[in-house]
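Asks: Right, I'll just put the structure down here and ask away after.
We did not get these values from a lab; they are worked out from the coordinates using the rules stated. The structure presented is a predicted model; accordingly, all values stated were derived computationally and were not measured. Cβ atoms come from the backbone with ideal geometry, glycine included; neighbour counts cover every protein chain shown.
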Amino acid sequence: MHGATATDSPASAQPGAPIASDESVSLLVTAPPPDKTTDGVYGRFDGDVELSLAAGGAFSSGGPNFAAIARGSFFQTAGMYVAYTDAMGSANAPLARSLAVGVTLRPFFIPRWALDLEHGPAILDLTIDSIGFDLGVLWASDTSGGFTDKPGMEAALGFEVPVLGKASGPFVGARGAIRWRGEELAGDQPDPLKPVLFMTLAWHSVIDAGIVDAGDKRLK
């Protein structure tokens, strides 16, 4: 009779059982998480103020007008705007010139960023966050082109699409506005102004104006 054989190892006792080596376990433990494709900011925190200047056309009854819009906003949330239109001598335009000054509000960026909803692509995120509301005082020119009439009001809704997918750079914008002369608000104007569509090309620049730093110094 043969003597008892040596005890088989667990691996040989269970043929086909997977064996995890120390190297594979180490790789699983130390493997880095997948990189995020975007930080959801796209340069918007490079400064505390965004400045933009846009030019293009304003389209309404009577034909297109030249249009220009300047904006300044704090962290792309709230700020001021100035909008100007000029009929360039067109006799069919309802207004020879107009000037609007008011407040602008873009409410989506900070909440979407805080809730981690900025996942890209950059063009989509920046376009959604650019949706803004304008409310301002409107000066409509008289027949001679002067701003002698009573001020009226303007309300607008618009958005902009970043050409390069960055906060600073060129943007193509669309803006719809409803405007009232001062006489319309008083009920004395039988011929109301028609809605206007602005189509513009703008340049945006994010700058560090030191507003946040100044607030920190005051708190200290």
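Asks: Counting Lys and Arg as +1 and Asp and Glu as -1, what is the net charge of the other residues whose Cβ lies under 13 Å from the Cβ of LEU124?
Replies: Details: positive: ARG112; negative: GLU118, ASP125, ASP129, GLU160.
Around LEU124, the surrounding residues sum to -3.
Asks: Going by how many other beta carbons lie within 10 Å of each one, how would you line up ARG97, ARG71, fewest first?
Replies: Ordered from fewest to most neighbouring Cβ atoms within 10 Å, ARG97, ARG71 come out as ARG97, ARG71.
Asks: Can you work out the FRET efficiency for the pair LYS150 and PHE59, with r the C-beta to C-beta distance and R0 = 30 Å, to the nearest 0.05? Can you show the working numbers first?
Replies: Numbers: r = 26 Å, r/R0 = 0.85.
After rounding to 0.05, the efficiency reads 0.70.
Asks: Okay, next question. Please say if region 49-219 is rounded, prolate or oblate, where rounded means a/c under 1.5 for a ≥ b ≥ c the square roots of the C-alpha gyration tensor eigenvalues, and otherwise the choice is prolate for a/b larger than b/c and oblate otherwise? Spell out each step's value before the answer.
Replies: Values: a/c = 2.28, a/b = 1.79, b/c = 1.28.
Taking the square roots of the gyration eigenvalues as a ≥ b ≥ c, region 49-219 is prolate.
Asks: Between LYS194 and LEU157, how many nm apart are label points set 7 Å from Cα along the C-beta direction?
Replies: Label at LYS194, label at LEU157, 2.1 nm between them.
Asks: Using a basic spin-label model with each label point 7 Å from the Cα along Cα→Cβ, how many nm lie between ALA78 and GLU183?
Replies: If labels sit at ALA78 and GLU183, their model points lie 3.6 nm apart.
Asks: At what distance in nm do the modelled label points of VAL101 and ALA209 sit from each other, each positioned 7 Å from its Cα along Cα→Cβ?
Replies: For the pair VAL101/ALA209, the computed spacing is 1.5 nm.
Asks: Going by how many other Cβ atoms sit within 10 Å of their own, how do SER60, SER205, SER98, SER52 line up, fewest first?
Replies: Working: SER60 19, SER205 14, SER98 27, SER52 23.
So the residues, fewest neighbours to most, are SER205, SER60, SER52, SER98.
Asks: Apply the Karplus curve 6.51 cos²θ - 1.76 cosθ + 1.60, θ = phi - 60°, to the phi angles in region 146-157 and return the couplings in whole Hz, x for Gly and Pro.
Replies: Working through the residues one at a time gives x, 8, 9, 6, 5, x, x, 9, 9, 10, 9, 9 Hz.
Asks: Can you list the GluC sites (Glu not before Pro) in region 108-162 that are in a DSSP coil and have 13 or fewer other beta carbons within 10 angstrom? Could the numbers behind the result be given before it?
Replies: Values: sites: GLU118, GLU154, GLU160; in loops: GLU118.
Passing sites in region 108-162 do not exist.
Asks: Rank these for me by crowding, HIS204, HIS119, going from fewest to most other beta carbons within 10 Å.
Replies: Values: HIS204 24, HIS119 12.
With the sparsest Cβ surroundings first, the list reads HIS119, HIS204.
Asks: Students often check this: by mean Cβ neighbours within 10 Å, which of 162-171, 178-187 ranks highest, and how do the rest follow? The partial results should precede the final answer.
Replies: On the way: 162-171: 18.4, 178-187: 16.3.
Order by mean packing, descending: 162-171, 178-187.
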